[in-house]
Amino acid sequence: MLQLDKKVRLVAQWVGITANSPLFKTMLHVRNRFVTPLRERFGRVKVWWKSSREKALEPHSRKEMDAILIGFGQAPLESVEALIPRAESDSVGAERLILSLLIDRSDLQIRFPLALSQGPDGDFAQWLSGEGASELGLAENAIKHLQAAFLRHPGAHARKLYDHHNGLRERIPYAFSKPYWAPLAEWMIRNGMPAHGIFIEDVIWFLLEAAEDPALGILDTWLRSRDWQERWPDAMKPGGCPKMNRELPLLEKGFQKVQQKWNLDPEACFFKRDSVRCLEGNAPADGQGPGINIVGHFCYPSGLREAAVQMGRAVVRAGGGISLRDFPASVEADLAVRDQYMGTEKWPVTAMVLSPDQTLNEISWWSGLHMPPGRDRVAVWYWELEEVPSTWTSRAREFTELWAPTKFIGDAMRKALDVPVIDLLPGVELEPVTPLPRSRFGLPEGEFIFLFMFDMCSIFERKNPLAIIDAFEVAFPKTINGPSRPILVIKVNRGSFNQAGMTALKIGLDRIGGILLDGTYTRNEAYALIQCADAYVSLHRSEGFGLTMAEAMLMDKPVIATGYSGNMDFMNKETAHLIPYEMIDIEETRLVYRKGMRWANPSIVHAAKAMRAIMEQPIETKAMAARGKLHIQRVLSLEAAGNRFLERAQYLAERRKTFAKAA
């Protein structure tokens, strides 16, 4: 769609039509109303015709797989004997060895019918590390590479590309079903490999894994197809599959050729995949009782992901059920684990823990989730300023109400939006942390460390890391050397997003002898880094919530923070060093933050005094950190937050029932 918009603009510029003219708007309308639907329909018809006329692909046939590879200019898979020495040298050779074994050896296909589906802990993977290694004469390096191949889960990368590619989903809407494996493989090899960085091993792995149980391909298709969910809404319930089983071959001719090989039985198919069972939390299978559907960036490492995950944990902790649906964010950054987050709208209330950038229809399309009428859908929006963008007004009206994670966010939204805004403080709880030594991060032992962590995509100027450097320089001038002078460490995620900001950080940290860390860490690595620090500092200009501050307090770390915005819902002067500030105007528009909006300018002098106090008053500092931990454990309790969410969801559900009875 975006590419078509660009083409329309280029044509308009070529013929001298401005973007604001009525003629240009007419061109866009014609494109949206006629050209795009015809283009999509033609692509679907072409794929359907090919899939219904040709024999369904058999991935375990070397003849068929080699024909596909050679037909698209790829080298066929080597023999098992030729790949054994290559598996010792690299993981690609190990992946190809696994694939060749499963294609060439029918005895392994029979013995391990779910060889790839079971993953690194499955019977086939264990066989390769033991009995199979002896039979094939594999060296220790080859075994390590084989284990790494299973851990990478190559087939999931092909699935991830499909979920993120708008054009591919429009062209092959039922791609995970057996009649469409061939056109999907064709597209992946021809377009996906050169443009999106997937490998031929990813494609073949996906095909072999899908062939292990083709019925699961129907499940995967249903979970991604809004059309199928609308046509067969009860397919995931016991007794709901027979109707789909009867009608599916009539709807799509290609399914007639494979219909004889399986029946869509709920016990054998829809409840086979563990991820589908565990999605629903601890609630009854029929979706009765308290529960919430949650849509969020469950595969995208970010603050929004953590917010959605913590909401789900809170609801379960309070005795409710959850159904989690991932909203794809970035094909480059998303983790290839989306099959674990493909829940449906099982309960009457759905919480959208996303940015306000998407309309409800866009959320439905990209998440692949049919949203029938009769549900209450609420938006959980995080925001960092006292004024919200005017574009939010129309988007907010698509939702029943908004749930504000903090009073600061709620106050900003209530001033501008005409839908109910309910303040519901979330819960925060740390996952079990495996400690890592300071040397893991290149940090010196025995030195006192002040730490700050932030994502460069969250607006460099708002996070205000240069103010921390300035305060540190005031507190600990270069004239102070030796053990009494601490170290400032700043950890950045996605530093390449702002090269100018990274340069400024390097210059500032070099000036004070600080350390800059850049990279995407796992949750455990991020937690372990906070554990390695002695104090946490955030001189933010504004925060919607302030997750890293809360996590540091939970780890019993003294925290220095600007005494303004969302973090004030879980901080006070008894639990943290709150830095005074003055309100200033934003001087230059930065993405969604417009010129003239206001945020805080924390005092460098007071921040420097707080740093000195932490160093010079260890007893008082330890007592404050202990008070902070106890306070935040009470205020941000997962169980308390879960009860807040469930009570509000129950109120909305009961209100809808009352309205329905009255109608």
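The values are calculated or read from the model by the stated rules, or taken from the named source; none is laboratory data. All values reported here derive from a predicted model rather than from experimental measurement. Positions of Cβ are backbone-derived with ideal geometry, glycine not excepted, and every protein chain shown enters the neighbour counts. For the accessible areas, the whole protein counts, side chains as well, though only heavy atoms, and no ligand, DNA or RNA atoms are used. Shrake-Rupley method; radii C 1.70, N 1.55, O 1.52, S 1.80 Å.
Collect the residues in the stretch 605-655 that are open to solvent by 90 Å² or more (accessible area, probe 1.4 Å) and within 21 Å of Pro373 (Cβ to Cβ), keeping them in residue-number order. Tyr651 - this is the single residue of the stretch 605-655 that is open to solvent by 90 Å² or more (accessible area, probe 1.4 Å) and within 21 Å of Pro373 (Cβ to Cβ). Of all the residues in the stretch 150-195, those that are open to solvent by less than 40 Å² (accessible area, probe 1.4 Å) and farther than 20 Å from Ala75 by Cα number 22. Per this entry, Ile490 is counted among residues that are in contact (Cβ under 8 Å) with a residue 24 or more places away in the chain and not in a helix (DSSP H, G or I). Being under 18 Å from Pro426 (Cβ atoms) and either touching a residue at least 12 places away in the same chain (Cβ under 8 Å) or surrounded by fewer than 20 Cβ atoms within 10 Å (Cβ to Cβ) (or both) is not true of Phe497.
Does Leu69 fit the bill of being open to solvent by less than 10 Å² (accessible area, probe 1.4 Å), at pLDDT 95 or above and out of contact with any Phe, Trp or Tyr (no Cβ under 7 Å at 6 or more places or on another chain)? Write out each step before concluding.
Details: open to solvent by less than 10 Å² (accessible area, probe 1.4 Å): yes; at pLDDT 95 or above: no; out of contact with any Phe, Trp or Tyr (no Cβ under 7 Å at 6 or more places or on another chain): yes.
So Leu69 fails the test.
If you go through the stretch 228-244 and keep only what is open to solvent by less than 30 Å² (accessible area, probe 1.4 Å) and modelled with pLDDT of 80 or more, you end up with Trp228, Gln229, Trp232. The strands (runs of 3 or more DSSP E) found entirely in the stretch 355-465 that carry 3 or more residues being crowded, with 17+ Cβ neighbours inside 10 Å are 376-379, 401-404, 449-455. Starting from residues that are crowded, with 16+ Cβ neighbours inside 10 Å and in contact (Cβ under 8 Å) with a residue 40 or more places away in the chain, keep the ones in the stretch 511-523 and report whichever is nearest to Val492 (Cα to Cα). Among those residues, the one meeting the criterion is Leu517. State whether the residues of the stretch 121-134 include one that is open to solvent by 30 Å² or more (accessible area, probe 1.4 Å) and in contact (Cβ under 8 Å) with a residue 40 or more places away in the chain. No: the stretch 121-134 contains no residue that is open to solvent by 30 Å² or more (accessible area, probe 1.4 Å) and in contact (Cβ under 8 Å) with a residue 40 or more places away in the chain.
Identify all residues within the stretch 542-601 that are at pLDDT 95 or above and among the basic types (Lys, Arg); write none if there are none. If the condition is that a residue be at pLDDT 95 or above and among the basic types (Lys, Arg), then Lys557, Lys573, Arg598 are the ones that fit. Please find, within the stretch 196-214, the residue that is nearest to Lys160 (Cα to Cα) out of those that are open to solvent by 20 Å² or more (accessible area, probe 1.4 Å), part of a loop (DSSP other than H, G, I, E, B) and at pLDDT below 90. It comes out as Gly197. Would you check if Ile586 is touching a strand residue (DSSP E or B) at 6+ places or on another chain (Cβ under 8 Å) and over 24 Å from Ile459 (Cβ atoms)? No, not satisfied. If you go through the stretch 309-330 and keep only what is farther than 12 Å from Ile292 by Cβ and open to solvent by less than 40 Å² (accessible area, probe 1.4 Å), you end up with Val309, Gln310, Asp326, Phe327, Pro328, Ser330.
Would you mind stating whether Gly130 is at positive phi and of a type outside the set (Phe, Trp, Tyr)? Walk me through it before giving the result.
Details: at positive phi: no; of a type outside the set (Phe, Trp, Tyr): yes.
It is false that Gly130 is at positive phi and of a type outside the set (Phe, Trp, Tyr).
The residues on offer are Arg395, Arg438, and the sole one that is among the basic types (Lys, Arg) and more than 24 Å from Ala550 (Cα to Cα) is Arg395.
Quick one: is Leu335 within 20 Å of Gln310 (Cβ to Cβ) and open to solvent by 20 Å² or more (accessible area, probe 1.4 Å)?
Judged against the criteria, Leu335 is a match.
If the requirement is being out of contact with any helix residue (DSSP H, G or I) (no Cβ under 9 Å at 6 or more places or on another chain), on the phi < 0 side of the Ramachandran plot and crowded, with 18+ Cβ neighbours inside 10 Å, which of these qualifies: Gly508, Gly563, Gly544?
On the way: Gly508 fails: out of contact with any helix residue (DSSP H, G or I) (no Cβ under 9 Å at 6 or more places or on another chain); Gly544 fails: out of contact with any helix residue (DSSP H, G or I) (no Cβ under 9 Å at 6 or more places or on another chain).
Gly563 is the lone residue from the list that is out of contact with any helix residue (DSSP H, G or I) (no Cβ under 9 Å at 6 or more places or on another chain), on the phi < 0 side of the Ramachandran plot and crowded, with 18+ Cβ neighbours inside 10 Å.
Residues in the stretch 594-612 that are out of contact with any strand residue (DSSP E or B) (no Cβ under 8 Å at 6 or more places or on another chain) and not β-branched (Val, Ile, Thr): Arg594, Ala608, Lys609, Arg612. Scanning the stretch 254-272 finds no residues that are open to solvent by 40 Å² or more (accessible area, probe 1.4 Å), in a helix (DSSP H, G or I) and either modelled with pLDDT of 90 or more or in contact with an Asp or Glu (Cβ under 8 Å, 6 or more places away or on another chain) (or both).
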